[in-house]
Amino acid sequence: MFHKNLPPPTDAELQILMVLWKEQPCTVRQVNDRINEKRGTGAKEVGYTTTLKFMQIMLEKGLLSREVNDRVHTYRAVLAEGDVQQTLLEGFVDSTFRGSAKSLVMSALGSSKTSREELEEIKKLIEQLEKK
């Protein structure tokens, strides 16, 4: 569960967490390489020392854990991906849609082309929620 006493991750911290959730444990070099791979060609690379500094700060904040074996430092995300996503979503809904999940959903569905399959999944989710 997300710890309410921890500040939500910044955009840069979230990039690091996304790599770790997918591939952990990782070294700083592995995280840095994955971040730069995702940026694509033409984008300015993130330097190793920048990633290292962010990960050290995240370790101090309690967002990461570190293990040292034979001088190799590997990191893991302490928080579960779903917990962080839920906390960020709640903050976004509160700040952008005045706490209204309905407004968020209506905006999301109205601004993009939703496939029949997605609509069916949404209907099933609503039915499941109504049964609770």
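The values are calculated or read from the model by the stated rules, or taken from the named source; none is laboratory data. This one's a predicted model, so the numbers in the text were calculated from it and none came from an experiment. Here the Cβ positions follow ideal geometry from the backbone for every residue, glycine too, while neighbour counts run over all protein chains shown. With ligands, DNA and RNA removed, areas are computed over all heavy atoms of the protein, side chains included. Shrake-Rupley method; radii C 1.70, N 1.55, O 1.52, S 1.80 Å.
Here the helices (runs of 4 or more DSSP H) wholly within segment 75-132 that include at least 3 residues being over 22 Å from the mean Cα position of the chain (by Cα) are 101-110, 116-131.
Before we move on, is Gly62 of a type in the set (Gly, Ala, Ser), under 30 Å from Ile126 (Cβ atoms) and touching a residue at least 24 places away in the same chain (Cβ under 8 Å)?
Taking the combined requirement at face value, the residue does not satisfy it.
Could we say that Lys53 is part of a helix (DSSP H, G or I), open to solvent by 80 Å² or more (accessible area, probe 1.4 Å), under 30 Å from Leu104 (Cα atoms) and without any contact (Cβ under 8 Å) to a residue 60 or more places away in the chain here? Considered against the rule, which asks whether it is part of a helix (DSSP H, G or I), open to solvent by 80 Å² or more (accessible area, probe 1.4 Å), under 30 Å from Leu104 (Cα atoms) and without any contact (Cβ under 8 Å) to a residue 60 or more places away in the chain, Lys53 comes out as no.
For segment 17-25, indicate whether the set of residues that are over 19 Å from Leu88 (Cβ atoms), touching an Asp or Glu at 6+ places or on another chain (Cβ under 8 Å), assigned to a loop (DSSP other than H, G, I, E, B) and open to solvent by 30 Å² or more (accessible area, probe 1.4 Å) is non-empty. Checking segment 17-25: at least one residue is over 19 Å from Leu88 (Cβ atoms), touching an Asp or Glu at 6+ places or on another chain (Cβ under 8 Å), assigned to a loop (DSSP other than H, G, I, E, B) and open to solvent by 30 Å² or more (accessible area, probe 1.4 Å). The lone criterion from (1) closer than 20 Å to Leu89 by Cβ; (2) open to solvent by 70 Å² or more (accessible area, probe 1.4 Å); (3) of a type in the set (A, V, I, L, M, F, W, C); (4) outside any helix (DSSP H, G or I) left unmet by Leu6 is number (2).
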